[in-house]
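What follows is a single structure, written as structure tokens, with notes after it.
The values are calculated or read from the model by the stated rules, or taken from the named source; none is laboratory data. Note that the structure is a prediction, hence the values are computed from the model and not measured. Heads up, the Cβs are rebuilt from the backbone with ideal geometry, glycines too, and the neighbour counts pull from every protein chain shown. Please note that ligands, DNA and RNA were not included when accessible areas were found on the heavy atoms of the full protein model with its side chains. Shrake-Rupley method; radii C 1.70, N 1.55, O 1.52, S 1.80 Å.
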Amino acid sequence: MPRIPGIRRVFRIALRSGQPSAEIEDELRFHLACRVDELVASGTGETEARRIAQREFGDFHRYREHVLAIDRQSAREREMRLTFESVRDDLRHAARVMIARPGFTLVAVSTLALGIGATTAMFSAVSGVLLRPLPYADVDRIVHLGERELQQPGRGGTTSWDNFRDWRQMSRSFAAMGLYNTWASTLTGHGEPQRVQIAGVTAGMLDVFHVRPMLGRAFTDADNVDGAPAVAVVSWAFWKSKLGGDSGVIGRTLMLNFTPIEIVGVLPERFTPPASLDRPIWVNFSDDTDGRGGRSKNVYALLRPGVTVEQAQAEMAAIAERLAVQYPRENAGSTVVVDLLADRIVGDVRRPLYLLLGASALVLLIACANLSNILLARGVVRRQELAVRTALGAARRRIVRQLLTESFLLALVGSACGVLLARLAVTALAAMGPDVFRARPPSIDPAVLGVALGTSVATTLLFGLLPALRSVPRDPHAVLRGTSVRGGGGRTSWTRASLAVLQLSLAATLLFASTLVIASFARVLRVDPGIRGDHLLTMTVSLPRARYDSTRSTAFYQELEERIDATPGVRGVAFASLVPFGGDFDRIGISRIAGEPERQGSDMPEADRYIVTPSWFATMGVRLLRGRLLSSSDRIDSTPACLVDEVFARRVWGDRDPIGQAMKLPGRDDYATIVGVVSHVKTYGLDIDSPGQIYMSNAQYPWRWMSMVIRTAGDPASFTSTATRIVHSLDADEPVSDVRTMDELMANLLRARRFTLTLLGAFAGVAIALAIIGLYGVIAYGVAQRDREFGIRLALGARPRQIARLVLGEGARIAVAGAVLGTLGALAMGRVESSLLFEVSPHAPSALAGVMAGLVGVALVACLVPARKAMAADPSDVLRRD
């Protein structure tokens, strides 16, 4: 087909100039007309010439749309290129500004890094513990079943084997249900004898978590009947480390407490059970002798598809009522609670973590407000520059975009530094945080990075928008002539003062919150634990049934006590079935008290059972209040004797003397006579109530699983090797485990409170520092902008103290306004953290007044330097400069 002349030029014009569609259409028609003229000149008729030209040209409308599409694409590309170049130029300019003003950049980036680092670190903790899903299929259907008294609020606790069997038979809400309890055993045959943690598990537990063994089989119902052979399922880590990863391990035996147990399965590598069930060895649960009242087992269950927690709760409550009627002695007054597994794992830390995340967000807001104030001050300094750019034709929107680009670049740099700080903080959080951090540690993953970056950029741009709008002069000619209001105008000064008020109010809120937590922690530390915890070493010595009967175990502990007590540096030694503050409990219910009707269900008084040697009370520092202590005369062939603590005595007998009263205690058929009352021990924690204690002699109630406590003259930890050597001198195959000092045990129970206290205090300190720096900047900048006014006032006879009063008055107004707003925030914060407080009111008027007065005082101190500078203004210098 003959080429239509100029058609390529049409495309070039379209690509180059982006002509409107009317011009493109005219151009196309022009070339079509030229071709018609050529054909007419060659002798073709006009009609025929037009037909031929149109045929040669082709589809006119298609060409037109094609050229227009090229034009539109070219325009878009050109616009994108210009936008990219503009953004690139803005970033380059912002980088040059940051480099040219290193002091401003350092202050701004440091301020942002503190806020972003704190928020990122806390969000990583919240994400790891509360937001990250548990690693189980159908996790929203996995629940914990436990019992509690009807009148007692809260989650369910443990249950008994007999109740579990009835639950499984009578319920219809669950697709699977499993029970477990835990203990420690001596493992031999794999190097030195060692204590390993064991879980006794029933069939159905792996079905709850949708898990199948990697090798072998799971437990079956036949494994849980009385007298069933002992079998074990081991964890993947134990299989690799102790069994060499041998695929032929099924059928081999383990020696636990010198008893062979056959291995029937190996758990998969990726399966990590809940913390209390996460043991290297699972054995089949059987031969339970605790009876229906022995509530020491935990139960997990899997809801059937479509069954809600509420429906399961209603069914289990009805089953509990039926069992209470059927077995009133053990079950009267109790109910069953259905808790989601996720709530069970993170319930205790949810409120503190969200509180700390909110506190870190307040720190970030304070940091951004501080940055906004800095940008406002810098905008006033740059008014001349911005006025020149405006006078040369730069649009207001263009200048605002440039200033926001500078804020954006600051946000990126601040975010990078903040994330580095957060990485360091996360390590500290994992070390000092609550126990749940061990299984679900905080980490800086991509999700946390994305949220941190998005939050920091959004908040920085938000707080950078106001300075950008305020910095662009509305009358650039007035600025260039020097006739604009000095200092950037009243609106800017008011804005900066408002931001300072915001900072102070948020800082006051955090300071009050941390003050309440500090006061609460101080109250906890003043609680009498009931023992002397210094210089105490604890360790577990558990004798296996296969080698020690009651007589031999009692003799072993007596001989061991005598040898350690004779060692230089030992001030006392004793044995007990439990160690206070160790996290374990052995709660028993008393159904029979001599001379009283038999008690049933929740009417039975409960207490923690301690089976001890007579030296326990002197070694631990438990005081005798009346009566006598246990002694060596309390033998197996003498009348059983026991002690009760003051809490149990008061709850059961009130003002009556319990000495001489007799109770039926587990372990013997005859009654035990109360021979003494001792002081109460806060065994669960200084801030947690306990039902009291009952003490029984090991000679009368032989116990093979004992913990040894040693009071030393020096560092108790240094005595570990000596105590271990003495134990092995009596039995070389007996391992020593759970070696800890009493100070460590007590500190661990305060771990969560100390964690909250430390972080809230740190956030409050950073917030106060940033707020005071912000206030100082506002006042100092105001003094610098009013130096002419102060000079004239001094020239007209004003005294320096009057000038100082003006400056301090401005600072006082800002501080008081911040304190007033901070009071409202503090009251709200107090209500939020009320559940975390111990014997401290969430309002605490005296603490609130002290915090606000201190805040105003510190704020006024921050204004002293600008006030002194204002007082030292030289009138002649100011007037000469004007």
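Number of residues in the range 731-750 that are open to solvent by 50 Å² or more (accessible area, probe 1.4 Å) and assigned to a helix (DSSP H, G or I): the value is 4.
Take the conditions (1) in contact with a Phe, Trp or Tyr (Cβ under 7 Å, 6 or more places away or on another chain); (2) open to solvent by 40 Å² or more (accessible area, probe 1.4 Å); Ile803 misses just one of them, which is (2).
A single member of Arg172, Arg212 is within 26 Å of Tyr327 (Cα to Cα), in contact (Cβ under 8 Å) with a residue 40 or more places away in the chain and surrounded by fewer than 20 Cβ atoms within 10 Å (Cβ to Cβ), and it is Arg172. Scoring Gly157 on the criteria (1) over 30 Å from Ala318 (Cβ atoms); (2) part of a loop (DSSP other than H, G, I, E, B) leaves a single failure, condition (1).
Within the range 262-285, the residues that satisfy the criterion of being surrounded by fewer than 20 Cβ atoms within 10 Å (Cβ to Cβ) and in contact with a Pro (Cβ under 9 Å, 6 or more places away or on another chain) are Glu262, Pro268, Arg270, Phe271, Thr272. Kindly evaluate Ser372 against the criterion of being at pLDDT below 80, part of a helix (DSSP H, G or I), crowded, with 21+ Cβ neighbours inside 10 Å and of a type in the set (S, T, N, Q). When the stated conditions are applied, Ser372 passes them.
The set of residues from the range 422-450 being in a helix (DSSP H, G or I), more than 13 Å from the chain's Cα centre (by Cα) and surrounded by 17 or more Cβ atoms within 10 Å (Cβ to Cβ) comprises Ala422, Val448.
Within the range 505-519, is there a residue that is modelled with pLDDT of 80 or more, open to solvent by 20 Å² or more (accessible area, probe 1.4 Å) and farther than 30 Å from Asp743 by Cα? Full working, then the answer.
Quick first cut of the range 505-519, residues modelled with pLDDT of 80 or more only: 505-519.
Among the residues that remain, those that are also open to solvent by 20 Å² or more (accessible area, probe 1.4 Å) are: 506, 511, 515, 518-519.
From what's left, farther than 30 Å from Asp743 by Cα: 506.
There is at least one residue in the range 505-519 that is modelled with pLDDT of 80 or more, open to solvent by 20 Å² or more (accessible area, probe 1.4 Å) and farther than 30 Å from Asp743 by Cα.
Filter the range 616-637 down to the residues that are part of a loop (DSSP other than H, G, I, E, B) and either open to solvent by 30 Å² or more (accessible area, probe 1.4 Å) or among the aliphatic types (A, V, I, L, M) (or both) and list them by number. Correct list: Val622, Arg623, Arg628, Leu629, Leu630, Ser631, Ser632, Ser633, Arg635, Ile636, Asp637.
Of the residues making up the range 683-699, those that are of a type in the set (S, T, N, Q) and touching a Phe, Trp or Tyr at 6+ places or on another chain (Cβ under 8 Å) are Thr683, Ser690, Gln693, Asn698.
Of all residues in the range 525-543, how many are surrounded by fewer than 18 Cβ atoms within 10 Å (Cβ to Cβ), in contact (Cβ under 8 Å) with a residue 24 or more places away in the chain and either over 16 Å from Ala618 (Cβ atoms) or touching a helix residue (DSSP H, G or I) at 6+ places or on another chain (Cβ under 6 Å) (or both)? Working first, answer last.
Going residue by residue through the range 525-543, those that are surrounded by fewer than 18 Cβ atoms within 10 Å (Cβ to Cβ) are 525-528, 532, 534.
The next check asks that each one be in contact (Cβ under 8 Å) with a residue 24 or more places away in the chain; those that pass are 525, 527-528, 532, 534.
From what's left, either over 16 Å from Ala618 (Cβ atoms) or touching a helix residue (DSSP H, G or I) at 6+ places or on another chain (Cβ under 6 Å) (or both): 525, 527-528.
Residues meeting the conditions: 3.
So that you can scan it fast, the table gives a plain yes or no per residue for (1) open to solvent by less than 40 Å² (accessible area, probe 1.4 Å); (2) under 20 Å from Leu510 (Cα atoms); (3) touching a Pro at 6+ places or on another chain (Cβ under 8 Å); (4) free of Cβ contacts under 8 Å to residues at least 12 places away in the same chain:
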{"site": "Gly777", "(1), (2), (3), (4)": "yes, no, no, no"}
{"site": "Gly791", "(1), (2), (3), (4)": "yes, no, yes, no"}
{"site": "Glu810", "(1), (2), (3), (4)": "no, no, no, no"}
{"site": "Ala826", "(1), (2), (3), (4)": "yes, yes, no, no"}
{"site": "Gly830", "(1), (2), (3), (4)": "yes, yes, yes, no"}
{"site": "Glu833", "(1), (2), (3), (4)": "yes, yes, yes, no"}
{"site": "Pro842", "(1), (2), (3), (4)": "yes, yes, no, no"}
{"site": "Ala847", "(1), (2), (3), (4)": "yes, yes, no, no"}
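Residues of the range 680-707 being of a type in the set (A, V, I, L, M, F, W, C) and either touching a Pro at 6+ places or on another chain (Cβ under 7 Å) or assigned to a strand (DSSP E or B) (or both), which ones? Let's see the steps before the verdict.
Initial filter on the range 680-707 (of a type in the set (A, V, I, L, M, F, W, C)): 681, 686, 688, 694, 696, 699, 703, 705-706.
The answer is Val681, Leu686, Ile694, Met696, Trp705, Met706.
Take Gly306 and tell me if it is open to solvent by 30 Å² or more (accessible area, probe 1.4 Å) and on the phi > 0 side of the Ramachandran plot. Answer is yes for this residue.
Would you point out which residue out of Gly660, Gly676 is out of contact with any Asp or Glu (no Cβ under 9 Å at 6 or more places or on another chain) and either open to solvent by 10 Å² or more (accessible area, probe 1.4 Å) or assigned to a helix (DSSP H, G or I) (or both)?
Gly660
Could you tell me whether Gly791 is under 18 Å from Val501 (Cα atoms), of a type outside the set (Phe, Trp, Tyr) and part of a helix (DSSP H, G or I)? Against the criterion (under 18 Å from Val501 (Cα atoms), of a type outside the set (Phe, Trp, Tyr) and part of a helix (DSSP H, G or I)), Gly791 does not qualify. The sole residue among Arg279, Arg292 that is assigned to a loop (DSSP other than H, G, I, E, B) and under 26 Å from the mean Cα position of the chain (by Cα) is Arg279. Which members of the range 219-261 meet the condition of being over 27 Å from Ala732 (Cβ atoms) and crowded, with 16+ Cβ neighbours inside 10 Å? Across the range 219-261, the qualifying residues are Phe219, Asp223, Asn224, Ala228, Val231, Val233, Ser235, Trp236, Trp239, Val249. Considering Gly582, Gly569, the condition of being in contact with a strand residue (DSSP E or B) (Cβ under 8 Å, 6 or more places away or on another chain), under 12 Å from Ser707 (Cβ atoms) and not hydroxyl-bearing (Ser, Thr, Tyr) is satisfied by Gly582 alone.
The number of residues in the range 175-200 that are part of a loop (DSSP other than H, G, I, E, B) and either in contact with a helix residue (DSSP H, G or I) (Cβ under 7 Å, 6 or more places away or on another chain) or free of Cβ contacts under 8 Å to residues at least 24 places away in the same chain (or both) comes to 2. Taken over the range 296-341, the criterion of being in contact (Cβ under 8 Å) with a residue 12 or more places away in the chain and small (Gly, Ala, Ser) is satisfied by Ser296, Ala301, Ala312, Ala317, Ala320, Ala324, Ala332, Gly333, Ser334.
One residue is enough: does the range 233-245 have a residue meeting the conditions at negative phi and part of a loop (DSSP other than H, G, I, E, B)? Yes, because at least one residue in the range 233-245 is at negative phi and part of a loop (DSSP other than H, G, I, E, B).
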